[in-house]
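To start, the structure itself, in structure tokens.
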Amino acid sequence: MSNARILQSLINYPRSPDVESKSGFNLCYNVPCPTNSLVNHTDLLPPVTFHFLENVSLVLSPESNFYAMSAPSNSTVVKCLLYQSMEDGGGYGPAGIFGSFQQQNVEVVYDLGKERIGFQSMDCASASATQGFIYN
């Protein structure tokens, strides 16, 4: 079973094919939003885990994987999984982008000498405030 089919089997919300066709994202869902506000909004979208070499895993929360494509309306918001499949056009295999949206609240450490990478979840806003990077 493909990763997309596994993820799709975990989500019990109806798909939004019109948003999928307009946005280019493969998995978009009509998610209940009773207050018509995304502030303190919680839903039952699953986290996504990336597995890297050397048994390194990074679990990303739904907020780092699903994006509200517009403001909530009629107690519903459409959220799309922010990954797209990339075809193997150059003979190098399929590729993906681990972008800035997914890296929110993740400290990424590069060890160029040992050719490795590390991840750690963190509250970046709080860390920035303690470092004096946020000004009021």
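Nothing in this text is a laboratory measurement; each read-out follows from the coordinates by a stated rule. Note that the coordinates shown come from a computational prediction; the quantities given were computed from them, not determined experimentally. Here Cβ is always computed from backbone atoms with ideal geometry, including for glycine, and neighbour counts include all displayed protein chains.
Peptides 68-77, 31-40 ranked from most to least packed, by the mean per-residue count of other Cβ atoms within 10 Å: 68-77, 31-40.
When the square roots of the Cα gyration tensor eigenvalues are ordered a ≥ b ≥ c, the ratio a/c for segment 18-59 is 1.5 or more and a/b does not exceed b/c, which makes its shape oblate. Site pair residue 125 and residue 103 shows an inter-label distance of 2.1 nm when each label is modelled 7 Å from Cα along Cα→Cβ.
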